[in-house]
Each structure stands twice: as structure tokens, then as C-alpha cells.
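The next block holds one structure in the form of C-alpha cells; read it before the comments.
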């Protein structure tokens, strides 16, 4: 199994409402610190939740969110979210991909079953 990404300002969040926008994502996480940017991702076929990259102003804000929000229900939401540090962009670009649910999602968009 690949090592976990190092702490950084960039978080990968899953379990967001299907209708979550970049602006709403920013509102959700602004209650925990200064949010620089939120990029919601298209919903994959068969999924009932959205994922997003959330970039916080500081690593400390991001660490706090991973430690205290991961697995919990943020205010104004009804379901728990999963929050982890994002794989650094350079590593994603090298095709290392992200392991999600037993599949590797490579930067090329392909999937490989483990």
C-alpha cells in the first residue's frame, strides 16, 4: 500500500452532497479556517456523493480538519465526510493515481482493479 500523503494545505474530501458547488464547499469549510479554493469533482456514475479538493490557507487549518472533521458531519450537512490530505499534484501527474475503494484511479483516468 502506498504511504499516506504528507500534511499540506490541500485536502481531498468525499461524502459531500451531490448538489455541492465550489461556493457551498467553501462555506462548509470556512467554519474551520480560511479557505483559499474549493474544486468539486464531477460525480461518477452510480455514486450518490460528491468529492472535492479543498485548499486551506495554512497547513495547521488543514491538519485540524483532518483530525476533527474526518468521519464526522460538518455543520449544515446530514452525512459524515471523509477528509484526507491530497496526494501532491506532482505525484498525481506521474500516474501514481489515488487508491479509492480497491481501485487505483490513475491521472490518465483509467482504473485498475487491485
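What FRET efficiency do you get for residue 43 and residue 23 if R0 is 22 Å and r is their Cβ-Cβ distance, rounded to the nearest 0.05?
0.80
Once label points are set 7 Å from the Cα along Cα→Cβ at both residue 57 and residue 34, what is their separation, rounded to one decimal in nm?
Simple spin-label model gives 0.3 nm for this pair.
Every number in this text was worked out from the coordinates using simple rules, so none of it is lab data. These numbers were taken from a predicted model, which means no experiment stands behind them. So basically every Cβ, Gly included, is an ideal-geometry build from the backbone, and we count neighbours across all protein chains shown.
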